[in-house]
Amino acid sequence: MLGGLGALVISQNVAEIGVIYGVPFARLLMAVVFLYSGQDKLRYWRAGVSEVTELGIPFPSLFAAATITTQLLGGLSIATGIGAAFGAALLAGFTVVATLLGHRFWLLRGEPAKREFTTSLEHVAIVGGLILVIVESLRAG
């Protein structure tokens with residue numbers, strides 16, 4: 001059995017391992033959804049522009065390009081840790097706006113409203129994760 005000192009040493013070692021490996025891994029997990037979406041919209045440009053057009057946003061090609069740029073640059077900054085706080089803030093703002101424009105559950109009824117509401121809550125969770133990336137990046141300096 002470990003005494004108090006042994007348990008403390010193990011606890012500190014686990015915490016150090018979590019910081020060394022866990023934080024970068026968590027950042028990568030946060031980034032992957034944006035990196036995938038950005039490259040997918042780039043590869044299937046017309047579908048991405050069509051998605052923006054369906055939302056009724058003016059200048060759909062410009063907004064599709066801005067979306068791709070935001071997702072790829074923000075995702076890369078989070079994944080690499082280079083400018084992670086800025087990238088996470090950019091993606092958090094983007095996610096809030098995209099959720100409000102693309103998942104307007106309050107205009108729907110029944111199952112479609114439930115699906116869009118669930119998607120909106122998932123996006124809220126992503127924003128929460130992005131805020132944690134910001135806080136951790138600023139704390140680490």
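The values are calculated or read from the model by the stated rules, or taken from the named source; none is laboratory data. Bear in mind that the values here come from a model prediction, so they are computed numbers and not experimental data. Don't worry about glycine lacking a Cβ; one is built from the backbone with ideal geometry, like all the others, and counts go over all protein chains shown.
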Every residue from region 56-96 that is among the aliphatic types (A, V, I, L, M) and not in a helix (DSSP H, G or I): I57, I82
How do the pairs read when you match residues in region 32-50 that are closer than 17 Å to G102 by Cβ with residues anywhere that are at pLDDT 95 or above and among the charged types (D, E, K, R), using Cβ under 7 Å and keeping only pairs 6 or more apart or on different chains? G48/K41
Condition (residue is within 15 Å of G129 (Cα to Cα) and of a type in the set (F, W, Y)) applied to region 38-58: is it met by at least one residue? no
Filter region 97-116 down to the residues that are assigned to a helix (DSSP H, G or I), surrounded by 15 or more Cβ atoms within 10 Å (Cβ to Cβ) and without any contact (Cβ under 8 Å) to a residue 40 or more places away in the chain and list them by number. A98, T99, F105, E116
Does region 44-61 contain at least one residue that is within 28 Å of S137 (Cα to Cα) and at pLDDT 95 or above? no
Tell me which of these G22 doesn't satisfy, since it passes every other one: (1) under 21 Å from the mean Cα position of the chain (by Cα); (2) at pLDDT 95 or above; (3) not acidic (D, E). (2)
When both residues are 6+ apart or on different chains and their Cβ atoms are under 9 Å apart, which pairs have a first residue that lies in region 123-141 and is on the phi < 0 side of the Ramachandran plot, and a second that is not in a helix (DSSP H, G or I)? H123/H103; S137/G81; S137/G83; A140/G81
If you go through region 131-139 one residue at a time, do you hit one that is modelled with pLDDT under 95, surrounded by fewer than 17 Cβ atoms within 10 Å (Cβ to Cβ) and either under 19 Å from L55 (Cβ atoms) or among the basic types (K, R) (or both)? yes
Going by the structure shown, is A15 in a helix (DSSP H, G or I), among the small types (G, A, S) and buried (at least 16 other Cβ atoms within 10 Å of the Cβ)? no
